[in-house]
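To start, the structure itself, in structure tokens.
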Amino acid sequence: MARFEVKLPKMGESVAEATITSWLKSVGDTVELDEAIVEIATDKVDSEVPSEVEGTLVEVFFDTDAVVKVGETIAIIETSANNQEEKVAKVNVQEESAVKEIEQQIVETIQTTSIEKKSLSGKFFSPLVRNIASTEGVSMEELESIIGTGAENRVTKNDILAYINSGRVSPVAKEKQETVIPKHQENKSEAIKEIVVEKKELAKPVVSTISVNGEDEIIEMSRMGKLIAHHMVESVQTSAHVQSFIEVDVTNIVKWRERVKDQFFAREGEKITYTPIFMQAVAKAIKQFPMINISVAGDKIIKKKAINLGMAASLADGNLIVPVIKNADQLNLVGFTKVVNDLAQRARKGQLKPDEIQGGTYTVTNVGSFGSVFGTPIINQPQVAILALGAVRKVPAVIETPDGDFIGIRHKMFISHSYDHRVVNGALGGMFIKTIKETLEAWDVNADF
């Protein structure tokens with residue numbers, strides 16, 4: 001018999017640890033190859049860790065709610081000596097791509113939290129608990145007051161959810177609510193009494209009143225929905241959003257696509273849509289205006305070297321996720337088409353890997369796919385700008401010629417640019433989309449691909 005060490009796999013460049021949320025196998029259980037043995041959670045992904053060998057689970061090193069570093073051994077699986085060499089060889093081959101074993105990625109958006117890992121009193125909070133606390137607006141003071149049922153009295157996921165569902169009346173808040181005027185102060189002025197009463201009222205938990213009439217239905221927001229809502233509100237509170245709009249004549253692009261789409265599919269095995277063309281134009285514009293490709297850290301500006309384009313994609317449940325096209329400025333149109341089609345298809349199926357939704361430096365969203373003429377999207381933090389592509393429409397337009405102006409039918413669209421006015425001024429924001437317009441309108445209708 002041989003012993004195989006199950007290690008916590010890498011789940012993305014910025015993910016250094018995870019919380020054990022549930023063991024799916026017990027000591028003594030038989031484990032099949034690729035069978036999930038444990039559930040884990042980070043502040044970005046809830047996942048399962050599959051077994052890379054067949055055998056029997058003989059030892060686990062961490063209890064539920066324990067926080068584990070990436071690369072640490074979490075369990076031992078005893079395998080047959082006859083096939084151990086084969087299994088170890090397979091593990092070595094798969095080590096570089098261990099993230100592929102993580103279950104289908106759901107969340108897009110990267111979430112930050114103001115809750116510290118350890119409180120002043122030394123109480124430890126896992127990434128999952130901190131993430132829930134940040135999303136639900138639970139303060140560090142409230143977290144301190146929650147009685148934990150986990151190992152070493154740690155607050156577990158169930159503990160914080162039970163606290164939230166119970167109306168969030170912690171011992172700290174309760175103590176504030178029971179504030180009374182001491183006996184020796186009863187002869188103080190009524191004004192002081194009113195202040196104490198007011199403080200008492202403010203200390204009470206805020207409970208939203210929901211009016212339900214007839215056949216109205218109350219629907220609980222999903223965890224992903226809550227994360228997105230928090231991320232959007234946080235972005236608006238962080239960045240000074242302003243927008244610039246410009247109309248683009250894409251008639252040449254429409255005619256070109258109609259001419260080459262069948263030939264393109266026959267040669268490349270991919271359908272050519274407008275999205276890769278627009279994304280390529282955005283990448284070229286960023287190359288020309290690198291100060292769009294930045295982020296802000298306090299009073300410092302971080303100028304990004306890589307141009308990583310986020311591409312908002314729809315999920316089956318109606319939510320959005322933003323896969324990232326890495327080093328987009330290095331792709332030609334065929335490369336863009338293959339990457340865009342692949343990411344969009346796997347996003348719809350929930351098959352994106354954690355690394356594929358991280359590291360974006362600029363985001364593009366296609367509101368035109370829903371029929372919208374234009375939109376004013378919210379910036380995807382910590383980026384400083386986002387572009388919205390409107391619907392391509394046939395419209396009457398004035399066409400200028402050497403022989404005079406006349407009215408004709410053209411294919412046009414609006415693009416709208418939301419940017420952080422703290423660091424991107426109107427001139428830069430406007431010139432950026434004007435450059436995209438010029439690139440698209442200069443498209444050669446007779447060009448090859």
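The values are calculated or read from the model by the stated rules, or taken from the named source; none is laboratory data. Everything numeric here is computed off the predicted structure, so don't read it as measured data. Backbone-built Cβ (ideal geometry, glycine too); neighbour counts: all protein chains shown.
Summary table
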quantity	calculated
Residue count, the range 306-343 (criterion: at pLDDT 90 or above and either assigned to a helix (DSSP H, G or I) or farther than 20 Å from Ile253 by Cβ (or both))	24
Scope the range 48-66; condition buried (at least 18 other Cβ atoms within 10 Å of the Cβ), of a type outside the set (D, E, K, R) and farther than 11 Å from Trp23 by Cβ; matching residues	Pro50, Ser51, Val53, Gly55
Of the criteria (1) modelled with pLDDT under 50; (2) surrounded by 13 or more Cβ atoms within 10 Å (Cβ to Cβ); (3) assigned by TED's automatic domain parsing to the domain that holds Ser119, which one Glu175 fails	(2)
Residue list for the range 421-449, filter: within 21 Å of Ile272 (Cβ to Cβ), polar (S, T, N, Q) and surrounded by 13 or more Cβ atoms within 10 Å (Cβ to Cβ)	Thr439
Test set (1) out of contact with any His (no Cβ under 7 Å at 6 or more places or on another chain); (2) of a type outside the set (A, V, I, L, M); (3) on the phi < 0 side of the Ramachandran plot - Gln243 fails condition number	(1)
Total residues in the range 140-169, condition at pLDDT 80 or above and hydroxyl-bearing (Ser, Thr, Tyr)	3
Pairs, first under 20 Å from Met221 (Cβ atoms) in the range 153-170, second surrounded by fewer than 19 Cβ atoms within 10 Å (Cβ to Cβ) and modelled with pLDDT under 80, C-beta under 7 Å, six or more apart	Gly167/Pro205; Gly167/Val207; Arg168/Pro205
Residue within the range 323-337 that is in the same structural domain as Arg393 (by TED's automatic domain parsing), surrounded by 21 or more Cβ atoms within 10 Å (Cβ to Cβ) and touching a Pro at 6+ places or on another chain (Cβ under 8 Å) present	yes
Unique match (being exposed (fewer than 14 other Cβ atoms within 10 Å of the Cβ) and either part of a strand (DSSP E or B) or out of contact with any Ser or Thr (no Cβ under 6 Å at 6 or more places or on another chain) (or both)) among Ile415, Ile409, Ile386	Ile409
In the range 9-42, residue surrounded by the fewest Cβ atoms within 10 Å (Cβ to Cβ) [restricted to those that are of a type in the set (A, V, I, L, M) and in contact with a Lys or Arg (Cβ under 7 Å, 6 or more places away or on another chain)]	Ala16
The range 324-343, residues that are more than 20 Å from Lys305 (Cβ to Cβ) and free of Cβ contacts under 8 Å to residues at least 60 places away in the same chain	Asn332, Asp342, Leu343
Among (1) outside any helix (DSSP H, G or I); (2) under 26 Å from Leu428 (Cα atoms); (3) in contact (Cβ under 8 Å) with a residue 40 or more places away in the chain, the one test that Met279 misses	(1)
For Lys271: the one exception among (1) part of a loop (DSSP other than H, G, I, E, B); (2) modelled with pLDDT under 95	(2)
Inter-residue pairs, beta-carbon under 8 Å, first assigned to a helix (DSSP H, G or I) and in the range 367-379, second loosely packed, with under 15 Cβ neighbours inside 10 Å, 6+ apart	none
Selected residue (only one of Ser134, Ser126 is hydroxyl-bearing (Ser, Thr, Tyr), under 20 Å from Gly225 (Cβ atoms) and crowded, with 17+ Cβ neighbours inside 10 Å)	Ser134
Counted residues, the range 389-406 - those being in contact with a Gly (Cβ under 7 Å, 6 or more places away or on another chain) and either on the phi > 0 side of the Ramachandran plot or assigned to a strand (DSSP E or B) (or both)	3
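Residue by residue, here is whether (1) closer than 30 Å to Val398 by Cα; (2) of a type in the set (Ser, Thr, Tyr); (3) not in a helix (DSSP H, G or I) holds:
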site: Ala285; (1), (2), (3): yes, no, no
site: Met291; (1), (2), (3): no, no, no
site: Ser295; (1), (2), (3): no, yes, yes
site: Gln345; (1), (2), (3): no, no, no
